[in-house]
Amino acid sequence: MSEMTQRATGGPTAQISDLRLTLDGTTLLHDINFVTTHSGTTMVMGPNGAGKSLLLRCMHGLLTPSHGDVQFFGHSANTTRHQQAMVFQKAVLLRRTARANLLFATQGRNLAEDAIDQALTQVHLLDKAHQPARLLSGGEQQRLALARALLTQPRVLFLDEPTASLDPASVLIIEHLILEATALGVKTFFISHDIGQAKRLASDVIFVHRGRITEHSNADTFFTNPQSREATAYLNGELVL
């Protein structure tokens with residue numbers, strides 16, 4: 001994190017055009033279109049099964065869209081893949097120590113000698129650097145996964161419910177690191193069902209329902225005056241089918 005520098009965008013940070021995903025004859029994402037023109041956190045919200053995770057996976061290249069185009073900073077997503085990182089709801093860690101997980105992610109990168117220790121300190125894991133990563137608690141594993149992602153110095157960071165079911169201390173640490181990263185120019189896409197968390201972090205909100213974007217607006221507008229029926233019902237705590 002300490003190695004990242006402020007990045008000016010000078011145009012759209014992300015532009016998704018006519019993105020469609022069809023698997024086994026079923027269309028799961030329908031002609032997704034949106035543009036973001038700033039860094040900060042775009043919160044992706046909607047009911048379970050709406051297509052939020054599928055959307056992030058298509059944007060990150062883990063799934064190949066059936067149609068459409070994904071660009072970041074004016075370039076094809078395929079050419080910016082090395083500038084992206086993703087953290088999943090369940091941490092995916094190597095069978096080695098916490099420190100070794102970070103060392104693996106930094107191979108071939110020109111980082112300061114103390115970058116690993118700084119990253120472990122930021123996620124409050126320096127004292128557990130030599131413990132097997134998979135024996136850490138759930139919150140500790142997720143903090144380690146985020147530290148590993150940030151050490152790759154991404155320009156685009158995808159977060160798929162990274163704080164779901166975590167202890168409050170871990171949530172606080174993760175949110176602080178995300179705010180710090182976005183302040184340095186990292187564009188973040190964050191899936192969350194936690195409305196309070198979304199209000200704390202979001203610069204804008206994309207609401208997904210049945211594989212379609214029903215609303216995309218700045219955070220203030222979304223939380224005070226949502227424009228779509230589905231988003232209004234969701235924010236009111238109603239079941240959205």
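The values are calculated or read from the model by the stated rules, or taken from the named source; none is laboratory data. The model shown is predicted, which means the values in this text are computed figures rather than measured ones. Glycine also receives a Cβ, built like all others from the backbone with ideal geometry; neighbour counts cover every protein chain displayed.
Scan Leu126, Leu144 and give me the residue that is over 30 Å from Thr37 (Cα atoms), at pLDDT 95 or above and not charged (D, E, K, R). Walk me through how you get there before you give the answer.
Details: Leu144 fails: over 30 Å from Thr37 (Cα atoms).
After applying the criteria, what remains is Leu126.
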Considering region 131-181 alone, what residues qualify as being within 30 Å of Ser76 (Cβ to Cβ) and small (Gly, Ala, Ser)? Ala145, Ala147, Ala149, Ala181
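Quick one: is Ile178 within 20 Å of Val87 (Cα to Cα) and buried (at least 19 other Cβ atoms within 10 Å of the Cβ)? Walk me through it before giving the result.
On the way: within 20 Å of Val87 (Cα to Cα): yes; buried (at least 19 other Cβ atoms within 10 Å of the Cβ): yes.
In short, yes.
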Could you list, in sequence order, all residues of region 75-115 that are among the hydroxyl-bearing types (Ser, Thr, Tyr) and touching a Gly at 6+ places or on another chain (Cβ under 8 Å)? none
Where the second residue is part of a helix (DSSP H, G or I) and among the charged types (D, E, K, R) and the first is in contact (Cβ under 8 Å) with a residue 12 or more places away in the chain and lies in region 54-69, which pairs have Cβ atoms under 6 Å and are six or more apart or on separate chains? Gly61/Arg81; Leu63/Arg57
Single residue of Leu93, Leu150, Leu126 found to be hydrophobic (A, V, I, L, M, F, W, C) and over 23 Å from Arg57 (Cα atoms): Leu126
When (1) surrounded by fewer than 20 Cβ atoms within 10 Å (Cβ to Cβ); (2) among the polar types (S, T, N, Q); (3) closer than 17 Å to Ala85 by Cα are applied to Ser137, the one that fails is (3)
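Select, from Asn218, Asn236, the only residue that is farther than 26 Å from Gly11 by Cβ and either β-branched (Val, Ile, Thr) or surrounded by fewer than 22 Cβ atoms within 10 Å (Cβ to Cβ) (or both).
Working: Asn218 fails: farther than 26 Å from Gly11 by Cβ.
Of the residues listed, the single one that is farther than 26 Å from Gly11 by Cβ and either β-branched (Val, Ile, Thr) or surrounded by fewer than 22 Cβ atoms within 10 Å (Cβ to Cβ) (or both) is Asn236.
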Going through region 107-134 in order, the residues found to be over 21 Å from the mean Cα position of the chain (by Cα), closer than 20 Å to Met86 by Cα and of a type outside the set (A, V, I, L, M, F, W, C) are Gln107, Gly108, Arg109, Arg134
Got a number for residues in region 65-96 being modelled with pLDDT of 95 or more and among the β-branched types (Val, Ile, Thr)? 2
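One residue is enough: does region 109-118 have a residue meeting the conditions part of a loop (DSSP other than H, G, I, E, B), crowded, with 19+ Cβ neighbours inside 10 Å and touching a residue at least 24 places away in the same chain (Cβ under 8 Å)? Quick ask: steps written out before the conclusion?
The first filter runs over region 109-118 and keeps only residues part of a loop (DSSP other than H, G, I, E, B), leaving 109-114.
The next check asks that each one be crowded, with 19+ Cβ neighbours inside 10 Å; those that pass are none.
Within region 109-118, not a single residue is part of a loop (DSSP other than H, G, I, E, B), crowded, with 19+ Cβ neighbours inside 10 Å and touching a residue at least 24 places away in the same chain (Cβ under 8 Å).
If we only count strands (runs of 3 or more DSSP E) wholly inside region 1-108, which ones have 3 or more residues that are surrounded by fewer than 20 Cβ atoms within 10 Å (Cβ to Cβ)?
On the way: elements: 14-23, 26-36, 40-45, 67-72, 84-87.
Ranges flagged: 14-23, 26-36, 67-72.
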